[in-house]
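The values are calculated or read from the model by the stated rules, or taken from the named source; none is laboratory data. Source: prediction; values computed, not measured. Note that each Cβ is placed from the backbone with ideal geometry, even for glycine, and that neighbours are counted across all protein chains shown. Side chains included, ligands, DNA and RNA excluded: accessible areas come from the protein's heavy atoms. Shrake-Rupley method; radii C 1.70, N 1.55, O 1.52, S 1.80 Å.
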Amino acid sequence: MAKEGAQRAEETEQMIEKEGGKEAAEGSAAGSLRAGDTKEMRAVVLSAFGGLNKLRVSKKAMPEPQEGELKIRVKACGLNFIDLMVRQGNIDNPPKTPLVPGFECSGIVEALGDSVKGFEIGDRVMAFVNYNAWAEVVCTPVEFVYKIPEDMSFSEAAAFPMNFVTAYMMLFEVANLREGMSVLVHSAGGGVGQAVAQLCSTIPNVTVFGTASSFKHEAIKDSVTHLFDRNADYVQEVKRISTDGVDIVLDCLCGENTGKGLSLLKPLGTYILYGSSNMVTGETKSFFSFAKSWWQVEKVNPIKLYEENKVIAGFSLLNLLFKQNRGGLIKDVMDKLLNLYNSKKIKPVVDSLWALEEVKEAMQRIHDRGNIGKLILDVEKAPTPLMANDSTETSEAGEEEEDHEGDNENKERMPFIQ
């Protein structure tokens with residue numbers, strides 16, 4: 001532990017010297033920029049909403065911190081399913097393009113805006129960002145920044161905020177998870193699913209039912225109590241084991257699963273919708289998929305909820321942070337989560353590391369539901385040579401094949417780093 005701490009301290013000193021002393025190494029196939037001279041940086045840019053061909057790595061002006069903000073030299077960025085939906089324009093009130101996607105990152109504090117307290121240049125941090133995370137440098141308000149534990153890597157830190165805060169808030173703030181309860185979580189092999197499983201294990205006698213693609217079962221079977229294939233009739237499987245159903249349903253799928261989830265709730269049970277991945281079937285936004293998924297949602301009858309003593313809720317972490325100004329609440333949750341991490345009760349699961357120039361391939365892996373845990377964009381990682389020519393400077397007018405409907409064909413399309 002002491003040795004690792006010393007190594008991290010040395011890394012920090014080298015990073016500060018390298019970036020503040022004017023020379024960013026010219027490494028990687030895409031070529032790093034001389035930040036001290038040009039005040040430019042590399043960033044993933046979404047030129048317009050649509051398919052993978054709308055993403056490219058470009059040079060952008062480097063931001064500087066405003067009052068109350070921190071400037072962070074990014075080491076790693078988290079990649080989430082919501083980023084795929086943003087790319088498609090499959091969200092309410094999407095921002096204007098071009099834009100830099102991404103909502104979480106980790107790195108080193110490089111500069112402090114006026115009135116910032118509690119942080120110093122050189123601190124290792126993780127942060128929420130309201131877009132713009134997929135870049136070499138970001139600026140974000142201090143209330144969204146948290147110090148990284150000494151033994152947490154940058155890739156783990158980039159995998160921590162979105163997944164664990166979402167899981168914790170749903171389980172403990174919304175559903176009031178307690179000893180002896182039962183939880184059904186979809187996409188149990190994903191980043192949030194694995195965070196849910198770990199947090200449930202911190203409470204005695206909690207039964208976790210999970211659904212996931214069958215090829216993930218061997219890898220995640222020990223993290224949940226009962227595991228079902230995502231295409232199976234999980235309602236009957238759950239009822240076979242627990243005739244009364246479950247106390248909590250966490251649904252990131254939506255569509256027909258909404259009605260199924262509500263039907264599985266015990267009296268005083270809570271159903272929480274926190275995503276709608278069933279609306280994403282192809283590489284680009286599909287009105288048919290959206291309409292079909294919406295049509296399949298059971299129309300909620302308040303009288304029926306009253307008669308059956310059931311609770312239905314929704315949870316959006318990004319809205320809570322950036323639209324509803326609950327940064328203080330999230331900070332309290334992060335403090336609790338970091339205590340659990342330091343007690344070795346939870347640990348983020350990193351599926352794979354990708355260079356910025358490999359963002360298309362990383363997104364395809366999420367689309368194919370091929371990941372177990374979190375995908376990370378590693379800002380300092382050099383792209384795999386075979387991918388480098390295909391994934392950086394696609395023109396906005398360029399047309400690429402956008403039919404990736406298959407759920408299984410591309411899951412192992414390239415080796416990945418654990």
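Quick notes on this structure:
- Between Lys39 and Asn342, the distance separating the two model label sites (each 7 Å from Cα on the Cα→Cβ line) works out to 3.9 nm.
- Backbone phi angles across region 320-334, fed through the Karplus curve with coefficients 6.51, -1.76 and 1.60 (θ = phi - 60°), yield HN-Hα couplings of 4, 6, 9, 10, 10, 6, 10, x, x, 4, 5, 5, 4, 5, 4 Hz in residue order; Gly and Pro are listed as x.
- Hydrodynamic radius by Kirkwood, which averages 1/r over all alpha carbon pairs of region 162-348, in angstrom: 17.1
- Separation between Cα centres of region 189-236 and region 116-166, rounded to whole Å: 28
- Once the chain from Thr202 to Lys221 is taken as fully extended at 0.36 nm per residue, the excess over their C-alpha distance is 5.1 nm.
- Loop-resident GluC sites (Glu not before Pro) (DSSP state other than H, G, I, E or B) in region 126-200 with no more than 13 further Cβ atoms inside 10 Å of their Cβ: Glu150, Glu179.
- Debye-sum result for region 77-132 in log10 I(q)/I(0), which assumes one identical scatterer on each alpha carbon, at q = 0.16, 0.31 Å⁻¹: -0.61, -1.32
- Accessible area ranking (1.4 Å probe, heavy atoms, ligands and nucleic acids excluded), largest first, for Phe172, Phe154: Phe172, Phe154.
- Extension gain for Glu64-Asp244 works out to 59.2 nm (0.36 nm per residue, less the C-alpha to C-alpha distance).
- Each peptide among 309-320, 233-244, 206-217 gets the average number of other Cβ atoms lying within 10 Å of its residues, and from highest to lowest they stand as 206-217, 309-320, 233-244.
- Segment Gln324-Ile91, extension gain: residue separation times 0.36 nm, minus the distance between their alpha carbons: 82.2 nm
- Distance violations [Cα-Cα > 28 Å] among Lys239/Lys344; Lys60/Lys381; Lys221/Lys260; Lys221/Lys374; Lys54/Lys299: Lys239/Lys344; Lys54/Lys299
- Residues with amide H under 5 Å from that of Gly190, placed H, sequence gap 5 or more: Gly373
- Pairwise alpha-carbon distances in region 71-214 exceed 20 Å for 55% of all pairs.
- Pairs of alpha carbons in region 40-156 whose separation is greater than 23 Å (percent): 30
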